[in-house]
Structures are given as structure tokens and as C-alpha cells.
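Quick notes on the structure that follows.
Taken together, the values in this text are just the output of simple stated rules run on the coordinates, not laboratory data. Since the structure is predicted, the reported quantities are computational estimates derived from the model, not experimental observations. All Cβ positions, even for glycine, are placed from backbone atoms using ideal geometry, and neighbour counts span all protein chains on display.
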Amino acid sequence: RNKVAIHEKMFHLKRESDLMKIEAEKSSRQLEQFMYIVSHDLKAPLRAIENLSNWISDDLGGSLQNNVTENLSLMRSRVHRMRTLLEGVHEFSKCGNIAGEPEQINLNQLVHAVFETIVPPQGFQLSVTDLPVVVAEHSRMYNIFYHLIKNAIIHHHDQSEGRVNITCSAEENQLLISVTDNGPGIKPQYAQKVFELFSTLKSKDEMETPGIGLPVVRKLLQDIGEDIRLDTEYLNGTRFTFTLP
């Protein structure tokens, strides 16, 4: 009787766990759909606001006072910022729907292709050390490296010659891939904040960035059971390390 009771209890617990998992996945899909709709539908009124500000400038012509000109310019910059944030929401909502069959990917070739696509500023160099061939979804791998390299370039403002170094090592059943730059670095207290959606360490007026790249990278990795962290002990720039199976 005890064995039967234990078996029945385990069956019900597993059934409840499966139902909770299904509900969680359903909620996640609904949230992604909501984010997609919001980011798409709000673009139209933003375009209308921007057009109206341009029409006001054209109608008033040279009679505009300096403060009015500045306010209209400020309005357009805020519209641009909101559009950038909506594009970030749109991208974040899409990254949970990466489609495609896993395939063999030469990470050395992929990373160099990403670097060329970004078109880095003059004096910025990429160094890659023996990255392996992995079996994964191409879009997922491309977007992970795209955002990590782009993030290094965007925030690299202390040195005239920037460097990004990508290395790989093996640990048990995982690959550890590190993306290191020689930029200004990130303080340890912000190790988790940088992965929060729309989080930026500088004022939006100081650096116009949506704060979407690292959250997208984390989501792309967590969707396949992996993760990324900031190496808080690295003091000569910034180093992110993520895992792959």
C-alpha cells in the first residue's frame, strides 16, 4: 500500500509540475506577443509627433525664437529615443522565437563575419583564439556575438585603439567562451544591473543607447539552458564569459 501511495503521489507531483511548466511557457509567449504588439503599434503615433514638429518648424520658418527651436529639437530627440526603446522591445520579444535547425558552425568564421558586419571604427581590432566548431542555431550564435562585440565598441571610449579578444576553454561538459575588451570596464556592483532590460550605466543624454544588447544575450543563452556573467575580477577592461554545451 505504501508503495502504491508513493507512486500515486509522485505521479500527481509530476503532473502538477508539467502543468506549471505549460502555464509558464504560455505566459512567456503571451508576454512576448504583448511586447511585440506594443512596440509595433506605438511607432505610428511617434512618427506623427515627429512629423508635426517638422511641420511647425517649416510653417514658422525664420520667425522661430531660439527657445522654440531648442524645444522642437528636444522633442525630436525624445521621439528618436522612444523609437529606439520600442525597437529594443521588439528585438527582445523576437529573441525568444529563434527558429532554425541546429547546424555545424565554425565560430572563428562566424565571429569575423559579425565583426565585419558591425563596421568597427578605425583602430578597433578583433583577436580570436581557437574557437571551436559547435552544433547550434546559426541565428542564436550570430546574435550573441553581435551584441557582445557591439557592446564593447559602443562603450569603448577611453582608449584611441580598441581591442576585443575572444577565447574558449573547456570545463567538464561545457565550453567557456570569454569576450574581453580593453575599455573602461564595469564596476562589480553593476554585475547584474547590466543584464536588466533598458538598464544603462550612463545618462541617456550622455550616451544614447537603449540598453538592450546584454539582456538579449542572456535571454538567448538561458533559452538553451546556459548563462552569461561579468567577470568582476578582471581589472583591465571588461570580460564577459558565457557557457555553451
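With the simple model of a label 7 Å out from the Cα in the direction of the Cβ, GLU103 to HIS80 spans 3.7 nm. Label-to-label distance, ILE118 versus TRP55, with points set 7 angstrom from Cα along the beta-carbon direction: 4.1 nm.
For LEU110, the shell of other residues with beta-carbons less than 15 Å away shows a net charge of -2, using +1 for Lys and Arg and -1 for Asp and Glu. Taking 7 Å steps out from each Cα toward its Cβ at GLN125 and ASN173 produces label points 4.0 nm apart.
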